[in-house]
């Protein structure tokens, strides 16, 4: 099983992000149904460890909150662009939730995440060495979503395929105050 923990995005937010998913040659745009905000990539694991993770995630206590996506950025290194993403407006509740998810993963026996958490929603991935983002960023760099409620986190399974990955939600974990 290939797992990750994420915030599933509401349909209207995915549609708003869809307006950003064009205009760059060489981009492999994400399927709108797959757009999410990853809190913790887990990777390949067996069913026993997945059950341990499920138990640990069920014990998380964190408040529901509103979130705003804002800005466009990219991950790259000296050799190539790797991904284009929509950023997240600063939010202490999101950082608190991510720390709780990380603690749950470690309690379930997974190694601590070595990278700093950079909240984002991946819009596209690249194979090309160099992409000129100038016109794209000029047209889309000021993107800002409407605020939307975050009332749960979801454990997803990722299935890799020829047409890209397909994500299946396994379990949703409600946050405190959600639906009150």
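Here, each number is a calculation from the coordinates, and none is a lab measurement. What you are looking at is a predicted structure, and each value in this text was computed from that prediction instead of being measured. Because the Cβ atoms are built from the backbone with ideal geometry, glycine has one as well, and the counts that use them run over all protein chains shown.
Laid out as a table, the results:
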quantity	calculated
Filter pass, residue 7 being in contact with a strand residue (DSSP E or B) (Cβ under 9 Å, 6 or more places away or on another chain), in a helix (DSSP H, G or I) and touching a residue at least 40 places away in the same chain (Cβ under 8 Å)	no
Residue 37 within 19 Å of residue 164 (Cα to Cα), in contact (Cβ under 8 Å) with a residue 40 or more places away in the chain and surrounded by 14 or more Cβ atoms within 10 Å (Cβ to Cβ)	yes
Criterion: within 14 Å of the chain's Cα centre (by Cα), under 28 Å from residue 10 (Cβ atoms) and surrounded by fewer than 19 Cβ atoms within 10 Å (Cβ to Cβ) - qualifying residue of 84, 95, 69	95
Residue 24 being within 30 Å of residue 136 (Cα to Cα), assigned to a loop (DSSP other than H, G, I, E, B) and either in contact with a helix residue (DSSP H, G or I) (Cβ under 7 Å, 6 or more places away or on another chain) or without any contact (Cβ under 8 Å) to a residue 24 or more places away in the chain (or both)	yes
Criterion (crowded, with 16+ Cβ neighbours inside 10 Å and under 18 Å from residue 111 (Cβ atoms)) met by exactly one of 16, 56, 8	56
All positions within segment 143-153 that are touching a strand residue (DSSP E or B) at 6+ places or on another chain (Cβ under 7 Å), surrounded by fewer than 16 Cβ atoms within 10 Å (Cβ to Cβ) and in a loop (DSSP other than H, G, I, E, B)	147
Test: residue in segment 123-142 that is closer than 28 Å to residue 61 by Cβ and crowded, with 19+ Cβ neighbours inside 10 Å	no
